[in-house]
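The values are calculated or read from the model by the stated rules, or taken from the named source; none is laboratory data. Please read these numbers as outputs of a predicted model, since none were measured by experiment. Cβ: placed from backbone, ideal geometry, glycine included. Neighbour counts: every protein chain shown. All accessible areas refer to the heavy atoms of the entire protein, side chains included, with ligands and DNA or RNA removed. Shrake-Rupley method; radii C 1.70, N 1.55, O 1.52, S 1.80 Å.
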Amino acid sequence: MKKWYVILMSIMMVLTLSACKGARDKVLEEGKVDKAEATDSKKEEFYSVYPLTGLGTNEEVDHRAVSVMVNNHPKARPQSGLHKADIVYEVLAEGELTRFLAIFQSEMPEVVGPVRSARDYYIELSRGYDALFVAHGFSPEAKEILDSGTIDHLNGMEYDGVLFNRADFRKAPHNSYITYENIQKGMEKIGAEQSDDLDMLSFLTIESAKAIEGTPANEIQISYPGGETVGFTYSIKKKTYARSSNNEPTIDRETETPITVSNVFIVEAAHRVIDDAGRREINLTSGGDAILIQNGVAQNISWKNEDGRIVPDGGAFVPGKTWINIVPGGMKDSVKMQ
């Protein structure tokens, strides 16, 4: 009896290993990350995959995404918490300055800010991840969306001094901060769900990422109309890009951690000034030209809006964090690489 048991168990193990190998070969052939196949550089297998980074983990991945409007005025730098963001959208507001929509899911910041006011197109980007939307202030268009009750949100106009704290080392409007602890308190206060089965972005496998071909892109400079220059410098060793503003490294204020990402995605979208305050309307639905930069090379592709998310059309991200720069027309002249 014992002999037959051993034989039966051996057969089951062979079948299981064959099935696992078949699944792995299929994933590699398709060139996309699968939850069962996420590995690190040591080929360690993980229980699950973070949906917005494609990185493997043995932790639960059902945390709800949180998006925060982060100030990018020179007086607001260095910012807090950006090094924890899975995705950062950098988009022009008024005054020829960009603001950040930082989306957190795999990691949550201890503190994030300075928090700045909302615009309608940032809210629409946040919707693509069903994220809790955090801001301090709003434009008339953004206020109309927030007041409609169609998106869970926390705003410093309502919770200033309660959930949002004013730092004494900066002056308003560059001194509003919020902790993740207070974000959680706010979610409980408004009855917002804190877990979510978030759809996964499309990622390449490690092997497929090695085969990426394109134009060398070790140094990238993006010039915005007001004269601001955003830079990304590639580290061959780390396979990540370090961000800078006007040649000044972008770091976390509290920890001095450099802000680094695995994907830089530059997309061209139509911009139009709509009022005397310089507020803009930005077309984030029609798709258009884009540059996807990974592993030291750049690919000229297109972008598309997929269920509210700006994603590569004809490409995929490599596992890791992503920075998305949305620029007006004339990308060929405003983006330089070497």
Scanning the range 75-99 for residues that are in a loop (DSSP other than H, G, I, E, B), open to solvent by less than 10 Å² (accessible area, probe 1.4 Å) and either modelled with pLDDT under 95 or farther than 20 Å from residue 180 by Cα (or both) gives 93
Within the range 278-291, residues being touching a His at 6+ places or on another chain (Cβ under 8 Å) and either buried (at least 18 other Cβ atoms within 10 Å of the Cβ) or at pLDDT 90 or above (or both) number 2
When the range 100-144 is checked residue by residue, the ones that are open to solvent by 40 Å² or more (accessible area, probe 1.4 Å), touching a Gly at 6+ places or on another chain (Cβ under 8 Å) and assigned to a helix (DSSP H, G or I) are 124, 127
The number of residues in the range 302-312 that are within 26 Å of residue 56 (Cβ to Cβ) and either surrounded by 20 or more Cβ atoms within 10 Å (Cβ to Cβ) or touching a Gly at 6+ places or on another chain (Cβ under 7 Å) (or both) is 6
Over the range 227-277, the set of residues among the β-branched types (Val, Ile, Thr), in a loop (DSSP other than H, G, I, E, B) and either open to solvent by 70 Å² or more (accessible area, probe 1.4 Å) or without any contact (Cβ under 8 Å) to a residue 12 or more places away in the chain (or both) is 236, 255, 274
Residues in the range 151-194 that are closer than 23 Å to residue 124 by Cα, touching a residue at least 24 places away in the same chain (Cβ under 8 Å) and among the polar types (S, T, N, Q) total 3
Within the bounds of the range 184-207, is there any residue that is of a type in the set (Phe, Trp, Tyr), more than 30 Å from residue 313 (Cβ to Cβ) and surrounded by 14 or more Cβ atoms within 10 Å (Cβ to Cβ)?
no
